[in-house]
Amino acid sequence: MPRFDRSHLPPAILEFAVVADTHFILDPEAYAIEFDSVRQWPQRAVRALEAVAALETDIVIHLGDLSEEPPGHEHHASSRELACTHLDRCELSPRFVPGNMDIGDKPDPTMFTPPVSEASLAWFHQRFGSSWSSFESAGCHFILLNSQILNGDLPAAAEQARWLEEDLAAHDGERIFLFLHMPPFFVSDQEPDTGFYNSIDEPARSWLTGLFHTFRIEAVFCGHTHFRAFNRVGDTRIHVCPSTTTSRAGFYEAFAVAPPPEQGRNDPDKLGFYLLRVLDEGLRLHFVRTAGRTGPVPAGPGSGEAHDSLSARRAAGSENAHNSIFITRTSHDLPASPLGLHLRTPLSHESPGALAWPGVKRQRVRDDHPFLGALELGARHVRIPESDLGDDPLQSRRLSLLRDEGVSITAQWVWSPRLDWAGELAALNVLPDVAELQMPAAVMPPDEVLAACGRARNAFGGQLSLAPLLPRERVPGRYHPRGRLGFTAQELPRLDAHLLTAGQRVDRAVCCVDADLSSWDAVTQFTAISTEAIGALDLVLPLLPPSSYTAESAWHLVTALAAVAVRTDCHLFLDPYVDLDRTNDLREGLLDRLGNPRPLFHVIRVLNTLLFSADQRWSAAVDADPSSGRLQLTAGSTRLTLLRDAEAGAASAEVFPATLYDLTAGTSCAVDAGSAADFPCGPTALVESELLRNRCGE
């Protein structure tokens with residue numbers, strides 16, 4: 001049974017877990033004629049439920065499709081009894097909503113299983129209780145709904161509709177959370193009707209979304225698609241949850257690369273469930289990645305089958321009973337974080353989809369994984385080209401939603417004499433938080449650029465930023481020259497003097513981190529510079545060229561983020577966020593092109609929470625030398641020691657007792673000098689605080 005570490009999360013009023021589409025199957029061999037991975041489904045579901053149980057939340061809600069065999073199948077009831085046996089072993093008593101595999105499909109004659117019948121509905125009510133209900137907890141109102149009977153002719157459909165309207169009216173003004181199996185919609189509330197598998201048909205769809213508006217429902221949770229998504233109806237956030245067991249093939253039309261194994265049915269990095277925490281300020285979602293494990297649940301976030309050495313590490317680490325899965329903060333709760341992401345590829349992709357089973361109409365799909373990954377990282381800033389706000393309705397809508405989740409937007413313009421910067425800013429429906437002007441072939445801003453900045457400031461309430469764009473920089477190993485975007489440390493004082501002489505100032509300046517230096521030295525060059533006419537700095541850190549994960553590549557990012565932590569007015573943009581794999585300059589990002597995290601994703605996710613959860617200023621020794629593989633930061637009575645690898649860790653016994661964080665695996669454990677012989681082979685953080693020392697002394 002895994003353990004969880006919530007020590008860096010803000011206090012919550014209430015915690016609950018949401019799990020969807022476990023799809024226990026009693027006879028996998030019959031299904032395995034199509035997909036071999038179905039044989040792993042029962043074990044994947046069991047391991048996920050063990051992790052849910054280990055969270056020990058106040059409430060657990062299951063969003064349907066408990067088992068695979070549909071109504072009418074000879075094993076329909078027995079497969080669900082087996083699933084309930086596993087729930088009992090885990091001491092879990094979820095509240096259930098029914099899915100299509102539990103009681104039947106929505107009333108659409110094109111569906112591949114029959115619609116809900118009186119008999120299948122009666123069976124569910126007898127075995128699991130009413131298929132619609134509500135309850136109260138910690139001042140919140142929870143509603144469980146039967147999506148499968150909506151639009152149907154069964155008397156229960158009208159009964160449920162009357163009940164829901166009355167229940168909502170009775171609890172108007174409360175914090176309301178609603179749960180059902182099928183999403184109201186996946187991409188758009190204008191999705192097709194009959195023949196569309198993924199969402200609720202009209203007129204029930206519009207009726208439901210109208211209730212969201214009227215009663216200001218805070219959040220809606222649904223499953224069915226096995227593919228995460230985020231939507232909004234007014235202020236209501238709609239969270240489409242993943243399966244713990246399997247992915248669905250048709251959604252891989254959203255990606256510009258080939259699907260994972262079994263036509264997309266076996267993408268373990270997308271499997272998991274949600275921990276939900278109710279705060280006064282809002283609801284926080286934490287994605288617990290189970291990664292399709294069938295052995296002991298890993299004490300880490302999951303790896304994906306592409307990283308074999310990392311998978312082996314995590315599997316070995318999971319045998320350590322002292323390890324806990326470290327739950328990190330999301331963007332809303334890291335206001336001091338400088339972490340930014342450079343979006344060289346769009347935040348979101350949509351595809352019209354294909355005419356493919358189980359639908360008979362094109363099923364439009366959207367990839368929300370970069371959106372959701374940014375929040376999971378706790379990122380607070382993104383950089384985009386201005387066209388994402390001006391010319392692309394999809395990107396502007398998604399970026400606006402991202403900002404509502406705590407992430408600021410920097411939009412980039414390229415200067416030309418024909419650019420009406422102030423006019424373009426005024427014409428945008430979605431304004432950025434920072435407007436960045438890139439100056440081709442100019443290091444110091446000419447008079448016309450400064451004049452454009454003055455006009456833009458009068459038209460725009462956000463911050464203005466400047467960056468040189470030098471297109472003819474020679475790069476070793478490249479025939480064609482490359483562009484350099486950003487000021488060097490040597491140019492920054494010149495820019496400051498130039499602006500002072502002109503009687504101008506800018507809110508921010510973009511700086512390029514020197515790839516020939518260690519990231520610590522390159523970043524601290526900038527953090528040591530004082531400026532008068534430049535408000536703050538945006539540092540762009542290129543990720544290393546593609547290679548297998550190494551402690552050195554992780555250390556490159558670890559020391560850069562640590563360097564920025566000592567100066568709070570800098571933002572650090574990691575470039576790129578998502579892999580660039582069809583360009584002359586290949587780069588691995590934090591996510592691959594299927595939206596799955598690379599190991600560095602977890603390194604940054606964990607360190608971001610460790611450094612920026614508390615309102616504190618870190619400092620480092622004047623002679624700090626990360627090239628030794630060891631770096632120490634202090635803030636008040638807390639000392640954080642960053643270690644590149646096991647060799648550096650072995651030389652750090654003086655910091656014990658401490659909490660050890662394996663940054664790659666996303667785990668924590670308490671250690672002392674006698675229990676610290678085996679350090680992870682990748683970067684590690686050791687956190688020693690006065691509180692921990694006092695506890696150990698008792």
inquiry  = All but one of (1) in contact with a helix residue (DSSP H, G or I) (Cβ under 6 Å, 6 or more places away or on another chain); (2) crowded, with 23+ Cβ neighbours inside 10 Å hold for I217; state the number of the condition that does not hold.
reply    = (1)
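Going residue by residue through region 148-155, is there one that turns out to be under 30 Å from the mean Cα position of the chain (by Cα) and not basic (K, R)? Full working, then the answer.
First, the residues of region 148-155 that are under 30 Å from the mean Cα position of the chain (by Cα): 148.
Narrowing further to those that are not basic (K, R): 148.
The answer is yes, given that some residue of region 148-155 is under 30 Å from the mean Cα position of the chain (by Cα) and not basic (K, R).
May I ask you to list the residues in region 391-403 that are touching a strand residue (DSSP E or B) at 6+ places or on another chain (Cβ under 8 Å) and either basic (K, R) or under 16 Å from L334 (Cα atoms) (or both)? Lay out the reasoning, then the answer.
Initial filter on region 391-403 (touching a strand residue (DSSP E or B) at 6+ places or on another chain (Cβ under 8 Å)): 394-395, 399, 401-403.
Answer for region 391-403, where residues must be touching a strand residue (DSSP E or B) at 6+ places or on another chain (Cβ under 8 Å) and either basic (K, R) or under 16 Å from L334 (Cα atoms) (or both): L402, R403.
Going by the conditions given, is R89 under 34 Å from the mean Cα position of the chain (by Cα), assigned by TED's automatic domain parsing to the domain that holds I200, more than 22 Å from I200 (Cβ to Cβ) and not hydrophobic (A, V, I, L, M, F, W, C)? Before the answer, list the steps.
Values: under 34 Å from the mean Cα position of the chain (by Cα): yes; assigned by TED's automatic domain parsing to the domain that holds I200: yes; more than 22 Å from I200 (Cβ to Cβ): yes; not hydrophobic (A, V, I, L, M, F, W, C): yes.
Considered against the rule, which asks whether it is under 34 Å from the mean Cα position of the chain (by Cα), assigned by TED's automatic domain parsing to the domain that holds I200, more than 22 Å from I200 (Cβ to Cβ) and not hydrophobic (A, V, I, L, M, F, W, C), R89 comes out as yes.
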query = Failed condition for V622, given (1) surrounded by 24 or more Cβ atoms within 10 Å (Cβ to Cβ); (2) β-branched (V, I, T); (3) within 17 Å of T527 (Cα to Cα), with all others met?
reply = (1)
ask   = Any idea which residue in region 26-56 is modelled with the lowest pLDDT, counting only those that are over 22 Å from S78 (Cα atoms) and either touching a Gly at 6+ places or on another chain (Cβ under 9 Å) or of a type in the set (A, V, I, L, M, F, W, C) (or both)?
value = F35
ask   = How about region 546-665: which strands (runs of 3 or more DSSP E) wholly inside it have at least 3 residues that are out of contact with any strand residue (DSSP E or B) (no Cβ under 8 Å at 6 or more places or on another chain)?
value = none
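Are any residues in region 498-545 assigned to a helix (DSSP H, G or I) and either in contact with a strand residue (DSSP E or B) (Cβ under 9 Å, 6 or more places away or on another chain) or closer than 24 Å to P471 by Cα (or both), and if so, which ones?
Pass one, region 498-545, residues assigned to a helix (DSSP H, G or I): 498-502, 519-527.
Across region 498-545, the qualifying residues are H498, L499, S519, W520, A522, V523, T524, Q525, F526, T527.
Yes or no: R265 over 18 Å from V606 (Cβ atoms), modelled with pLDDT under 95 and either surrounded by 18 or more Cβ atoms within 10 Å (Cβ to Cβ) or over 18 Å from the mean Cα position of the chain (by Cα) (or both)?
Against the criterion (over 18 Å from V606 (Cβ atoms), modelled with pLDDT under 95 and either surrounded by 18 or more Cβ atoms within 10 Å (Cβ to Cβ) or over 18 Å from the mean Cα position of the chain (by Cα) (or both)), R265 qualifies.
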note = Scanning region 54-82 residue by residue, those among the small types (G, A, S) and out of contact with any helix residue (DSSP H, G or I) (no Cβ under 9 Å at 6 or more places or on another chain) turn out to be A54, S78, S79
Filter result for R587 (farther than 25 Å from R482 by Cβ, modelled with pLDDT under 90 and not acidic (D, E)) = no
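Within region 69-101, which residues are in contact with a Gly (Cβ under 6 Å, 6 or more places away or on another chain) and not β-branched (V, I, T)?
Step one: of region 69-101, the residues in contact with a Gly (Cβ under 6 Å, 6 or more places away or on another chain) are 71, 97-99.
Of everything in region 69-101, those that are in contact with a Gly (Cβ under 6 Å, 6 or more places away or on another chain) and not β-branched (V, I, T) turn out to be P71, P98, G99.
Of all residues in region 64-106 being small (G, A, S), assigned to a loop (DSSP other than H, G, I, E, B) and modelled with pLDDT of 95 or more, which is farthest from A156 (Cα to Cα)? Talk me through it step by step, then tell me what you get.
Within region 64-106, the subset small (G, A, S) is 64, 67, 72, 77-79, 83, 93, 99, 104.
Adding the requirement that they be assigned to a loop (DSSP other than H, G, I, E, B) leaves 64, 72, 93, 99, 104.
If we keep only those that are modelled with pLDDT of 95 or more as well, we get 64, 93, 99, 104.
Working: G64: 18, S93: 25, G99: 16, G104: 14 Å.
Only one residue tops the list, namely S93.
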request  = State whether one or more residues within region 23-40 are over 25 Å from K106 (Cα atoms), of a type outside the set (D, E) and within 26 Å of the chain's Cα centre (by Cα).
outcome  = yes
remark   = Scanning region 45-63 for residues that are closer than 28 Å to T113 by Cα, out of contact with any Pro (no Cβ under 8 Å at 6 or more places or on another chain) and outside any loop (DSSP other than H, G, I, E, B) gives A45, V46, A48, L49
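The values are calculated or read from the model by the stated rules, or taken from the named source; none is laboratory data. The shown structure was predicted, so the numbers you read here are calculated from the model rather than taken from an experiment. Ideal geometry is used to build each Cβ from the backbone, glycine not excepted, and the neighbour counts take in all protein chains shown.
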